[in-house]
Amino acid sequence: MKGNTAWACLLLCWLPLGAVGQILQQQFQFQQFQPGQTFLQFGNQAAKAERMPEPTSDVLEFVDGSALHGQLARMDLEHGLTWAQPEARNPIHFRPDHVDFIRFAHAQSVSMSPTCHLWFADGDDLYGSITSLDSERLGLRTWFGGSMVIPRAAVRAITLLSPNYSVEYEGPYDAGGWVVVNNSPKSWTFHDGAFIGTGPGTLGRELNLTNSCTVEFDVAWTGVFALEAGIYCDATGRLEINGGSCVVNLTPRQISLNQIQNTGMFLNMANAPVPGSEGQSRMHVAIECDKAQGTVSVFINHLLAKTWKDFGFGSGTGVMFKQQLSSSTLKLSHLKISQWEGRCEPETAALATNIDAIYFINHDRAAGKIESIQDGKARLALGEKVLEIPLERVTQMEFAAAKASTEPPSPWQVRAHFPGGGSLSFQLEKWDDKAVAGQSAIFGSLAFQPRSIREMEFNLNRPKAEGVAADNKEFEELDE
Amino acid sequence: MVLAGLLALNAVAAPLSAEPAPTNAEADCLSLRDGDVLYGKLLEIQPGSLIRWQHPDASEPIDFKPESVAQIGFAPRPSTAGRTDYSCKLWLANGDALAGNLVACDRDALTLDTWYAGKLKVPRRVLQTLAFNPGAPVLFDGLTGLEGWTQGDATKGAITESGQWSYRNGAFYADKAASIARDLKLPDRSHIQFDMAWRGLLSLAVALYTDSLQPIRLDNKENGPDFGAFYSLRFTSTIFVTLEAIRKKDPRRVPEQLMIQSLSQKDRAHVDVRMSKAEHRVALFIDGMLIKDWIDPGGFAGEGTGIRFVNNPLNSGSVVKLSNFRVSKWNGVLDDDSTEAPDPSHDVTLLESGAKASGAVVSIADGQISLLTAGGATNIPLAAVGAIEFARFQGQSPPASAVNAHATFRQGGNVTFELLAWGPGGVAGLIPDIGKVKFDPAAFERLQFLTAERKN
């Protein structure tokens, strides 16, 4: 376990513990990576690498577009939300009714050893380890509450993580660890949880990538853009990316892959269109580099755009993003960089289904009734037959939609997003500098350390602006 | 709001289902110098002490340090004066502009009656330009719907799928190739303004002084339906602007292409076009900056009196929005700093006919302007005057007084002044060279707080 900051969290109460099964012993790590400040140079020999400046404040946003930096002092049902804004003479007390979210500048990563990623019917997701499953209940271990049992109906899907899966980076919450080669005027800057590129320049980070990896991020843009995402780049301080680097070129409509030869030449592999590119001004990108298979797969908005085969990966260990155009502005956010062996975490839509299903490592799928998980095996009933499937052969389990208890609507119904991934909704009761307390319909009473939360989302029932498909959504961005 | 202004990249929040969310269209907007914004309502300003603000979700007013506030934008509110029209606009030497009705002018001062600050007596030495009827008569003010407009057939020549313009909340939108036109009966001198916002690459053509309500395929115009000549003002690939005279039979020449690099960093702009048939002139301003003042050597091409907007996106996904569309008669003045003073040492009166009279303005009263020209004293009816360029003051100016704010007024005009107080008792200020005034709060569209550098 590398570079972790110790954390402590407390579950105040929990549901009765059910049968405890075998706990899978795969190691999983969330890390606050603290690399050396090494420069990833990418075709800009004269420019100087710089550390990016550190932001220092939280940000509070309202649904009306108001946004204030500062610091959350406390929250409770009686007093509302108390916000310390350095430009205001006194702390400000807000009611939560129209708060959109609070993003915290100093969230700390948590460390754990989960074996699976659980997706809940209410939209939450958590990393943990399954201990048992029967027709009514699921036993699991979570980083915040240890062993517990929850209603099976609350779970929509479980993704089994690959061996040695680790999240190397998730953010950005600040610019720490990133170096930038800014052209003049400055191209890359950090602002409120995102890197903003306003001109040609390169942003890089050393991550000690040695295994297969997945690089995920959201990109939004104005006009057109051309972004190079380089993976397995060397952080040698030299002026060129090294042989074996994987460079994915992205534009609003097209994806291409370059393999960098040892001679320094680019080998341009076949292009692929961006799926569903019409009308987009943002997209989620996932680049999956499978060293064992020699493949590079690019997913756009969770749809596979293309898999390139016979890729010869090199020994570089960093990543970089290069903004190529001066006539557009890019926003990079929600970066997650994970390493894995054998197989990656599959893309999960977690749509409601009316039947259970198990996905296998050979990409087969079997649908039926998942009766139990016990002793490292899942029992799947297929009509009269029951299959016992070792969990090592399972990538994902989906559960038929069932009626689950839900949180009552309230301005204090919030969803906490955690560093390293995962989110949990609950009824907030109190937040001070020592603890966050609340009630979850699934997990009961909860308590966290404040710094274990990176973002707190409010007003969960408010429809979210998804993509740009709806007629009005097409135009809202143009409205002031 | 660096990012919000630049990009609008963040998803727009939809209202809460249980209780309507406050809409920022009805709220004032306070912008801090660090980029934060807070909607709500301005309650009070005590310069040097506090700016008191009410956010709808805050349990009590918020007192901000004045030095941390960059500006306040104001939601429209009813005027206490009841009327906001004006007959002339006065530009001062410092760049400020005051709209109002001319009361009188003599050798010492010009008096303007304003709806927002009462009568203002302005010393002659700070006058720069007085333009009459700058915004009137307004021929068209604001988009209210599709009625009266003709949707054109944009299927031919379109690069992408064709469609139609749609209307919503005072704006036209197009996300496909689309044409919309209207005969606005443009006068010989016209002033057209609109805001455009876009996503993706901007590709918009504006036909000026056209007689065709249907789009014209420029690459096949000779073989298409007949049309009268017009000017085609085109924004392509967001940053390129061209103006081209289009005539049915004449071969097209390669027009000058201007590159407006600043548009690449924007997703909206204010477009201002001023045209004069007599001067064969088309002047284009973008966001208040004079981009180009074209004089057509072949004579004014426009043969119609209409306007046509054609969106022809280069790729799907591009969206354009047009709003705040306004057409008025132009007085012939390019009211920006680049206006050439015909002779800075003498007053120059610009007549509606296009002629100029050089000579000292002795007085303006009773509908007449009295001039002292080289040929002697003469009177000209004000109705025949478009504008007056005042001689630049050559003497010693008194020391500049302190200012701390710059206001932009909703019906046009702006002023730099010292804000003395803003509160329930009204808005009090001190305008350099003019004196203490009491403003109507409804007049303000934006109030910027000046930093030390700006004040200097």
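The values are calculated or read from the model by the stated rules, or taken from the named source; none is laboratory data. Here the structure is a predicted model, which means the values were calculated and not measured. In this analysis, Cβ positions are derived from the backbone assuming ideal geometry, glycine residues included, and neighbour counts consider all displayed protein chains.
The figures follow:
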read-out: Among residues of the stretch A:63-122, those that are facing chain B (nearest Cβ under 7 Å), of a type in the set (A, V, I, L, M, F, W, C) and under 18 Å from B:Glu60 (Cβ atoms), counted; value: 4
read-out: Any chance B:Arg234 is free of Cβ contacts under 8 Å to residues at least 40 places away in the same chain, in contact with a Leu (Cβ under 8 Å, 6 or more places away or on another chain) and charged (D, E, K, R); value: yes
read-out: Meets criteria (within 30 Å of B:Met289 (Cα to Cα) and of a type in the set (Ser, Thr, Tyr)) for B:Thr150; value: no
read-out: Qualifying positions in the stretch A:445-480 - more than 25 Å from the chain's Cα centre (by Cα) and modelled with pLDDT of 70 or more; value: A:Ser445
read-out: Any hit, the stretch B:237-252, residues being touching a residue at least 60 places away in the same chain (Cβ under 8 Å) and either surrounded by fewer than 17 Cβ atoms within 10 Å (Cβ to Cβ) or away from chain A (no Cβ under 14 Å) (or both); value: yes
read-out: From the options B:Arg268, B:Arg274, residue that is of a type outside the set (Val, Ile, Thr), crowded, with 17+ Cβ neighbours inside 10 Å, within 30 Å of A:Ala220 (Cβ to Cβ) and out of contact with any helix residue (DSSP H, G or I) (no Cβ under 6 Å at 6 or more places or on another chain); value: B:Arg268
read-out: Failed item in (1) assigned to a loop (DSSP other than H, G, I, E, B); (2) modelled with pLDDT under 90; (3) at the interface with chain A (Cβ under 10 Å from one of its Cβ atoms), with B:Ala25 passing the rest; value: (1)
read-out: Filter result (buried (at least 16 other Cβ atoms within 10 Å of the Cβ) and touching a Gly at 6+ places or on another chain (Cβ under 7 Å)) within the stretch B:281-305; value: B:Gly304
read-out: Top-ranked residue of the stretch B:317-336 - restricted to ones that are at pLDDT below 75 and more than 12 Å from B:Trp198 (Cα to Cα), ranked as surrounded by the fewest Cβ atoms within 10 Å (Cβ to Cβ); value: B:Asp336
read-out: Exclusive hit being over 30 Å from B:Gly118 (Cα atoms), within 10 Å of chain A (Cβ to nearest Cβ) and modelled with pLDDT under 90, set B:Pro56, B:Pro20, B:Pro61; value: B:Pro20
read-out: Residues of the stretch A:426-462 satisfying the condition of being of a type outside the set (A, V, I, L, M), in contact with a Ser or Thr (Cβ under 7 Å, 6 or more places away or on another chain) and touching a residue at least 40 places away in the same chain (Cβ under 8 Å); value: A:Asn461, A:Arg462
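Residue-wise test of (1) part of a strand (DSSP E or B); (2) under 29 Å from B:Asn331 (Cα atoms); (3) under 19 Å from the mean Cα position of the chain (by Cα).
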site: B:Thr242; (1), (2), (3): yes, yes, no
site: B:Lys249; (1), (2), (3): no, no, no
site: B:Arg252; (1), (2), (3): no, no, no
site: B:Pro255; (1), (2), (3): no, yes, no
site: B:His270; (1), (2), (3): yes, yes, yes
site: B:Val282; (1), (2), (3): yes, yes, yes
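This table checks each residue for (1) assigned to a strand (DSSP E or B); (2) of a type in the set (Gly, Ala, Ser).
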{"residue": "A:Tyr359", "(1), (2)": "yes, no"}
{"residue": "A:Gly368", "(1), (2)": "yes, yes"}
{"residue": "A:Ile373", "(1), (2)": "yes, no"}
{"residue": "A:Arg379", "(1), (2)": "yes, no"}
{"residue": "A:Glu388", "(1), (2)": "yes, no"}
{"residue": "A:Glu392", "(1), (2)": "no, no"}
{"residue": "A:Thr395", "(1), (2)": "yes, no"}
